[in-house]
Amino acid sequence: TQLLEQSPQFLSIQEGENLTVYCNSSSVFSSLQWYRQEPGEGPVLLVTVVTGGEVKKLKRLTFQFGDARKDSSLHITAAQPGDTGLYLCAGSRGSGTYKYIFGTGTRLKVLA
Amino acid sequence: SQTIHQWPATLVQPVGSPLSLECTVEGTSNPNLYWYRQAAGRGLQLLFYSVGIGQISSEVPQNLSASRPQDRQFILSSKKLLLSDSGFYLCAWMTERRGYTFGSGTRLTVV
């Protein structure tokens, strides 16, 4: 059972456009992470959010954790070709083993 | 600095053959270690995790097994590969503060 659904699955946009990726669940998570993965490599951590309603910014990327800690969003402003990749959210229920469940993934392609 | 090594990068194996993928971590002690499998362009499925030597937890029933013979070594194995074992296998270690640090992955194709 996939507990974390991401939307959209695929997104192709022009350089300079804005976009939002969503990560939704019916379960409550103690923390949520976002990763970016390039082909043939492992995912790389972008951010961790732990407080309901929390907003974190990383340059042109804005991450938000839902008030109820069941969902999250990633907003990219003025996308660039270097933002191309697979974006994954991952949620933890805080079991102590730092075991995260990964979302279904959003593949983003930014065209120059 | 902490690094994670995973090999080989690619592997083509016939159905029914054995498998051994190795992962080693440097620069940390007693790490939590994980094996994930990723279908093409999708999310990661947790296969095994280990919190210490000889301690293995399996997340899904499957044709694979894992072992942790040393503190910083994690091995994924199979006695007889199936076609459905094909995929991208990722080893990772994890801290609450820094999240997962993944290896570069092994692309396994079972033919």
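Considering only beta bridges that DSSP places wholly inside the protein assembly as shown, some 90 percent are antiparallel.
Averaged over its residues, the protein assembly as shown has an accessible area of 47 Å² per residue, based on protein heavy atoms and a 1.4 Å probe. Compute the distance from the alpha-carbon center of the range B:2-69 to that of the range A:15-56, in whole Å. Cα centroid to Cα centroid, the span is 23 Å.
Compute the signed sum of charges (Lys and Arg +1, Asp and Glu -1) over the other residues within less than 14 Å, Cβ to Cβ, of B:Asn32. Can you show the working numbers first?
Values: positive: A:Lys99, B:Arg68, B:Arg72, B:Arg97, B:Arg98; negative: B:Glu59, B:Asp71, B:Glu96.
Net charge around B:Asn32: +2.
Most simply put, the range B:3-110 has about 90% antiparallel DSSP beta bridges, counting only bridges with both residues inside it. Taking every protein chain into account, the 1.4 Å probe leaves A:Asp83 with about 10 Å² of accessible area, to the nearest ten. Chains A and B together bury some 1700 Å² of accessible area, summed over both sides, with a 1.4 Å probe.
Across peptide A:100-109, how many C-beta atoms of other chains are within 10 Å of each residue C-beta, on average?
Counting other chains' Cβ atoms within 10 Å and averaging over A:100-109 gives 4.
Restricting the trypsin sites (Lys or Arg not before Pro) of the range B:21-111 to loop positions (DSSP other than H, G, I, E, B) with no more than 13 neighbouring Cβ atoms within 10 Å leaves B:Lys79, B:Lys80, B:Arg97, B:Arg98. Across the alpha-carbon set of the protein assembly as shown, the Rg to Rh ratio works out to 0.98, Rh being the Kirkwood radius.
Ordering B:Tyr49, B:Tyr100 by accessible surface, largest first, gives B:Tyr49, B:Tyr100; the 1.4 Å probe counts only protein heavy atoms, with every chain in place.
Report the Rg/Rh value for the range B:5-80, based on alpha-carbon coordinates and the Kirkwood definition of Rh.
Result for the range B:5-80 is an Rg/Rh of 0.96.
Considering only the other residues whose Cβ falls under 15 Å of the Cβ of A:Phe65, what net charge follows from Lys and Arg at +1 and Asp and Glu at -1?
My count for the surroundings of A:Phe65 gives +2.
Taking the charge dipole of the range B:3-110 about its Cα centre, with +1 at Lys and Arg Cβ atoms and -1 at Asp and Glu Cβ atoms, the residue from B:Val12, B:Tyr89, B:Ser67 reaching farthest to the positive side is B:Val12.
Summing +1 for each Lys or Arg and -1 for each Asp or Glu among the other residues whose beta-carbon sits under 10 angstrom from that of A:Tyr87 gives +1.
How high is the relative contact order of chain A, in percent, counting Cα pairs under 8 Å that sit 6 or more residues apart? Walk me through the numbers before you get to the answer.
Numbers: 291 pairs, mean separation 41.1, N = 112.
Here the relative contact order equals 37 percent.
Across all C-alpha atoms in chain A, the radius of gyration and Dmax reach 13.4, 43 Å.
The values are calculated or read from the model by the stated rules, or taken from the named source; none is laboratory data. Keep in mind that this is a model prediction, so the values were computed, not measured. Backbone-built Cβ (ideal geometry, glycine too); neighbour counts: all protein chains shown. Surface accessibility is based on the protein's heavy atoms, side chains included, excluding ligands, DNA and RNA. Shrake-Rupley method; radii C 1.70, N 1.55, O 1.52, S 1.80 Å.
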